[in-house]
Amino acid sequence: MPTGFDTGLPSSRQIQSMIKDQKQAEVKLISGETLNGQILWQDQFCIGVVDENNESSIVWRHAIAYVKPK
C-alpha cells in the first residue's frame, strides 16, 4: 500500500482535472450502483461526489469500477 498520495499518477491527474473544471461525472461502483454528479475532492483513499440534489457521498477508491466524464 502506498504511503502517500501520488499526484503524479495519470488517474489522479485526470480526476484532479475533472475537479478543477467542475465536470459532471459518472462513477460506477463494483457493486453495480452508479453515482452521477460532480467530484469535489480526492485523497489517497476516497473521492467526494455531490449529486444533482446537492447530496454528498464519500466513495472509497477500492469500491470504484470506473469514473468517466459526462
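Every read-out reported here was derived from the displayed coordinates using simple, explicitly stated rules and does not represent laboratory data. What you are looking at is a predicted structure, and each value in this text was computed from that prediction instead of being measured. Glycine gets a Cβ as well: all are built from the backbone with ideal geometry, and neighbour counts include every protein chain shown.
Between the Cα long axis of helix 10-20 and the first principal axis of the chain there is an angle of about 50°, rounded to the nearest 10.
Please report the antiparallel percentage of the DSSP beta bridges confined to the chain, to the nearest 5. Among the beta bridges of the chain, antiparallel pairing accounts for roughly 100 percent.
Per the Kirkwood formula applied to alpha carbons, the chain shows a radius of gyration over Rh ratio, Rg over Rh, of 0.94.
Quick one: which of 10-21, 33-44, 51-62 comes out on top by average Cβ neighbours within 10 Å, and what's the full order, highest first?
Values: 10-21: 12.8, 33-44: 15.2, 51-62: 10.9.
Most protected by this proxy first, the peptides run 33-44, 10-21, 51-62.
The charge dipole of the chain, taken about its Cα centre with unit charges on the Cβ of Lys, Arg, Asp and Glu (plus for the first two, minus for the last two), comes to roughly 260 debye.
When shorter helices are ignored and each DSSP H run of at least 4 residues is given -39500 (n - 2.57), the per-residue value for the chain at 222 nm works out to -5000 deg cm²/dmol.
Work through the residues other than residue 38 whose Cβ is under 15 Å from its Cβ and net out their charges, Lys, Arg +1 and Asp, Glu -1.
Working: positive: 20, 23, 68, 70; negative: 21, 26, 51, 52, 55.
Summing Lys/Arg as +1 and Asp/Glu as -1 gives -1.
Between residue 45 and residue 30, the modelled labels are 1.7 nm apart [label points 7 Å from Cα along Cα→Cβ].
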